[in-house]
Structure formats: structure tokens, C-alpha cells
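The values are calculated or read from the model by the stated rules, or taken from the named source; none is laboratory data. This is a predicted model, so every value here is computed, not measured. Because the Cβ atoms are built from the backbone with ideal geometry, glycine has one as well, and the counts that use them run over all protein chains shown. Side chains included, ligands, DNA and RNA excluded: accessible areas come from the protein's heavy atoms. Shrake-Rupley method; radii C 1.70, N 1.55, O 1.52, S 1.80 Å.
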Amino acid sequence: MNKSNTILYLDGVSVSFDGFRAINNLSLVLDKGEMRAIIGPNGAGKTTMMDIVTGKTRPDEGEVFFDGQVDLTRHDEAEIAMMGIGRKFQKPTVFESHSVEDNLMLALKAPRSIFPALFHRRSAAEARRIDDILGIIRLGDKRDELAANLSHGQKQWLEIGMLLAQDPKLLLVDEPVAGMTDAETEETARLLKDIARDHSVVVVEHDMHFVRELGVKVTCLHEGSVLSEGTLDFVSADERVVEVYLGR
Amino acid sequence: MITQRFFSADRRIAVTIVALLAAAMIVPLLNLAVSPQSAFYIPPYIVALVGKYLCYALLALALDLVWGYCGILSLGHGAFFALGGYAMGMYLMRQIGSRGVYGNPILPDFMVFLNYKELPWFWYGFDHFWFAALMVLAVPGLLSFVFGWFAFRSRVTGVYLSIITQAMTYALLLAFFRNDMGFGGNNGLTDFKDVLGFSVPADATRSALFAASAVTLALAVFVTAAIVRSKYGKLLMAVRDAESRTRFLGWRAENVKLFAFTVSAVMAGIAGALYVPQVGIINPGEFDPANSIEVVIWTAVGGRGTIVGPIIGALLVNAGKSWFTGVLPEFWLFALGGLFVAVTLLLPKGIVGVWDSWRGKTKALRAASLAAEAGADAEVPQPKIVRSAARTPGAWSATGSEPQPAG
Ligand SMILES: Nc1ncnc2c1ncn2[C@@H]1O[C@H](COP(=O)(O)OP(=O)(O)O)[C@@H](O)[C@H]1O
Ligand SMILES: [Mg+2]
């Protein structure tokens, strides 16, 4: 298969933990600029798939390519992040003892070595970028608030904001609306659709209303491989998908 | 301009620096220029004692940089302190020259006694102060760099890291006990005569060493505060609270830790170097793992992650120790253990933490009563921390319960 126009290309990927195959011959292709929703029951391997892409877990076999040519299995987390893959964790993970603004500042695209950080002074361009992102993630009035004091939903947004600050090409977003109110969920769908206009995005989510809201191609994972792929209507009509979801 | 922002940002740190600089001038003055009959006279033994405490405070501050701000619970900081002390001790030994018991102009007494024929190569250069001063920085710095490079790269964290730091200091303890190591074995290095041409036991020298300790501590407070306030310092706390988050943002968490660990070890080495001429001896006992644990207790008592806390903790606990060992020597270890348990259970943020929350509460109360007086039931401002110096993550578990991504 031709990788040239893909942002993410997984082929025949498998990984086992103590003999348990969490990912089993998984193949998944994401075109440049595409947004994809990934669904699947708990334990299907969705988070593990992101671990593999971001360098946290090494696959036992299979190919993982970014941007058509970069073999991700040869790089570690920090290198992969610098290449332009941002990741939001399933459990929102922000720097709780820092202000919202400082969280973004640490994520902002800039040299990632010690001495520049030690002598860093915020530039006007950086301040503007932080303002922009605060606007995008609807946290403009929380700039000086400690991240610990944010609501669960606001932490999710802050984490998405941190991804944006990294200026990645590809965003992997793991369960962004878990624990959100309906209003927040809708807002998040709008936010992600905005982001998807100039980024490639993979969204893992259980919430079917949310996935419908996104209106993109859906991949259903089950036991570490792709069960079904297509529009949401197609996938949710697929007998095997119905069985997997109802069978539990 | 930087200093301006720096001072307004935290008055407490500015006050500490000013107090230390003032002590550096006033204490020597009250010792040297005031008649012993005067009520203001400070006797030399107090000068030496407090000077020693200031070195401990510097050691605690060094530990705080890695433990309080990066969650690395080092139980081996006493080793860096002792290495700095040995480097200084080697200089002081070579200053003795032919005034030793055996009168050998090159070999220190213990080497003559142990039938050394010539000076071991690693003693070369220590007759120069500048060389010894360089080694005070380089030896602890290099050891911590190499140690940290391996430990952080292999992602050893939490209790495991604490255990290997203990093992490191224990290994050094055993090594320095050996006579054939060339560091004076069990007895260590002592009987110092001169430092930079001044007699070590002279009052003026002691006062000068006191002043040097106070000024160095003030400088270390300034540097640590500047580090902690920088973007790097924020990153350091970010690594403490959510290491994997920093990695997925592209930061190399191992390098972040390594830098702090090395800076901290160098600070500990300087503390040891200032300590040795003031106590007049350095021996392998300084590598005792229990010493490193005591440093953790001082830091915990004062309040980790607060810069000023560890200094207060080191001064108070050591003053307590001096008093206690005078009155009830056999109970000191129980008292220390009890103190640690009490602080852990009752004051997890130490003295400074308690002070902060008390201040926060009284401020809120005052605001509330003002609002009540004004007759308006204005909103009571909650005591909210807008910018915490440092959170205490994972309370006391050495593992530091960093939020990891759910699997
Ligand atoms: N590091 C690991 N060690 C052992 N088992 C793991 C690890 N990571 C994931 N798993 C297992 O792999 C399976 C897939 O998990 P995960 O990717 O988190 O599923 P999902 O995100 O789709 O709910 C689960 O059964 C989980 O227990
Ligand atoms: Mg998951």
C-alpha cells in the first residue's frame, strides 16, 4: 500500500503484554488532514494503539509510519512529540500546581533543552499565541487559575490547548468528553472540528452522540484489531459491531 | 530588572537573603569587636556552631531542589556533602606541611604512619586552594552527573531511586573506611593548621568562615529561587507532578532531572567544604546513610518545596539536637524519629506550610470582618492559592504519585 499521502500508517501491528495480545495485527491508515473517530469497547486496545504511535510502547511486529516516511518504532516519546504528534491522555493530565497560562507556556513550541528554558523570557509572539489558545479553548478568564482548580471538563480543554500549543501535525485525543456535561460535550465537538480544519486528528470516544456530532469516518476496534470501518451509520449497522457492544 | 521582579515576587526569600547577609556582618563583629564582658558578645564556640548549622542549611536547601521541586527523594545527599568536605580536607592537610607530628613536608601524618613512600596521584594539586575549590565542585558534580545519567535514563524512580542513592553513600562509606584508599581511613582528615594562610582555630578565621557560610547560603537561596522561578523551574515541577505529560510534550524528563540533581550535588559539596574547616575534621562517618536521612528530616520539618523551609528546618532541628544531646543524649534518636513521624502525619507541608495556611486563613477572616463592618454581605474571598510555590505531590510516598495516563 502507498504511504505517500498518509499522516499515519499502521500495518500488521501486534503487541502482547505477558502473552496477552492487546493489539493484534492492526492496520489503520489516516490521510493527511483527515479526522477519524475510533470506537470500541473497553479493553479493545484504543489507548494501547496511541501508546504505540507516541513511542510509549514498542510493537512486537508491524510497521508504524508518520507522515509517510518516518518510522515511529525507532523513536522515543520526546522525539515523536517534537516531530509533530500531540497526545491527550484518557485521564486528563495537566500540571496541576501551575497556572493555566504556565501550562500552555511549557507546551508552547520552542527549543526543548535545559539552558534555553533556564534563561527563557517570554516573547511578545509567545504571549500572543497563548492568548489565542486561551481563546480557542474557552479559558480566557482562567489564565491565572491553578490548573488544579479547574473542573474536569476544563482540564480536558486545557490539555487540548497544550496540544495546540505544541503546534503538532497530528493530534491523538483519547476520550475527550468523558465526564463532561452535554453542553461541554457539544462545545468540545465544535472545538475539535475547528482544530481538524488544519490538523489531522484521531479521536477515541465512547459517546455516540459526540461521534455523530463529529461526522467523520469511524473505525471500530475490537480485541486489538479493526472490526469495522466506515460512516457511523454503516459501522453501527454492522452486525459484528452490534454483537460486540451488546454481547458485553 | 530581573532582581526587581524577583524581590517583589517573594518577600520571604528577600528577607532571608538580607537576614543572612546581615548575620554575615553582625555576628563576626559581635565576636571580634565586642568585649567578652559585654552582653552583646558572641563567644567563638557559638560562631562555629551556628556556622556549622548554616552548612547544614545549605545541604538541606540542596536536597530541597531535587526533592521538593522534582520529587527525587535522594537519600544520599550526605555523600556529596562529604566529598566536598574531603576535597577541602585534603587542601587543609597539605597546608599542614612539615608541622605534622612526623614533620614530613609532603606526606600527611597518616601516610607516614601507614608507610606511604610517596604522595598518591590523586593528592596532587591539593596544595593549591584554587585546585581544591575546583574539586569541591567537580567531584560531587561529576559523581551526581554519572549516577543521574544512568539512573534517570533507565527511568529509575521513586523508592528504587531512593534505595540506590542510599547504596551509593553506603558504598562510599565502606570505601573511605579503608586505609588503602588514601584518605586517612577510619580517622579521616584532621589536625588542620591553616586555611589560606590564616590559622584555622583563630577567632578571626572562625568568624570569616561563618561569614563565608552565611554569604554562600544567601547566594544559594538567590540561585535556587531564580532556578525555580524560571521556565526550567516550572518544568522541574511539571516533571515532578506529571512526568509522562512532559515527555509527550517533547521534553526530555531525564535531562531535566539530571540538571537539577547535578546542581544540587554541587551545592551539597560546597556545604561540605565550608563545614570541614569549621568542625576541624572530616571522616568516613559523614557518609553514614543515617546522615542523609537526617537531611530529609530537616527539609521535611521546615517544609519542602519552599526554599526557606529547609533552612528553618535545618537550623531548628540542629539547635534542638545540640540542646537535646546535652540534656538527654540517649533519647535524641527517638526524638528525631518521633519528630519525623509527627511532621509526616500532622504537618505534611512543614513549618512553612503551616505558616502559609495560617496566614491565608487570617487574611480571609480579616477580609470577611471588613466586609461585615462595611455592612455589605460581600463575597468572602476564599483563601485560595493563586500560585503555589510547590504542591506536595503524593504526600510522603517516595514514589510520588504522578498522574500517569490511564492505560
Ligand atoms: N502496560 C500494559 N501492561 C499490561 N496490559 C496492558 C498494558 N496496557 C494495556 N494493557 C491491556 O491491553 C488491553 C487494551 O487496553 P487499552 O488499550 O487501554 O484499551 P482501551 O483504551 O481500548 O479501553 C487491556 O486489556 C489492558 O488491560
Ligand atoms: Mg482507553
Those residues that are hydroxyl-bearing (Ser, Thr, Tyr) and open to solvent by 40 Å² or more (accessible area, probe 1.4 Å), I need them from the range B:95-145; list them, please.
-> B:SER98, B:TYR102, B:TYR116, B:TYR124
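To keep it simple, each residue is scored yes or no on (1) aromatic (Phe, Trp, Tyr); (2) open to solvent by 10 Å² or more (accessible area, probe 1.4 Å); (3) within 16 Å of ligand 2 (Cβ to nearest atom).
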position: A:ALA37; (1), (2), (3): no, no, yes
position: A:GLY40; (1), (2), (3): no, no, yes
position: A:MET49; (1), (2), (3): no, no, yes
position: A:THR73; (1), (2), (3): no, yes, no
position: A:ILE85; (1), (2), (3): no, no, no
position: A:THR93; (1), (2), (3): no, no, yes
When every residue in the range A:36-54 that is in contact with a Leu (Cβ under 7 Å, 6 or more places away or on another chain) and more than 14 Å from every other protein chain (Cβ to nearest Cβ) is compared, the one farthest from ligand 1 (Cβ to nearest atom) is A:ARG36
Residues of the range A:1-35 being within 14 Å of chain B (Cβ to nearest Cβ) and within 16 Å of ligand 2 (Cβ to nearest atom), which ones?
-> A:VAL15, A:PHE17, A:PHE20, A:ALA22, A:ILE23
Got a sec? Which of A:GLN69, A:GLN90 is away from chain B (no Cβ under 11 Å), touching a residue at least 12 places away in the same chain (Cβ under 8 Å) and at negative phi?
-> A:GLN69
Would you point out the residue of the range A:112-127, among those that are farther than 22 Å from B:ARG155 by Cβ and facing chain B (nearest Cβ under 10 Å), that is least open to solvent (accessible area, probe 1.4 Å)?
-> A:LEU118
Can you tell me which residues in the range B:217-244 are within 9 Å of chain A (Cβ to nearest Cβ) and of a type in the set (Lys, Arg)?
-> B:LYS231, B:LYS234, B:ARG240
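Residue by residue, here is whether (1) within 18 Å of the chain's Cα centre (by Cα); (2) more than 16 Å from ligand 1 (Cβ to nearest atom) holds:
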{"residue": "A:THR6", "(1), (2)": "yes, yes"}
{"residue": "A:GLY12", "(1), (2)": "no, yes"}
{"residue": "A:ALA22", "(1), (2)": "no, no"}
{"residue": "A:LYS56", "(1), (2)": "yes, no"}
{"residue": "A:PRO59", "(1), (2)": "no, no"}
{"residue": "A:GLN69", "(1), (2)": "no, yes"}
{"residue": "A:GLU77", "(1), (2)": "yes, no"}
{"residue": "A:GLN90", "(1), (2)": "yes, no"}
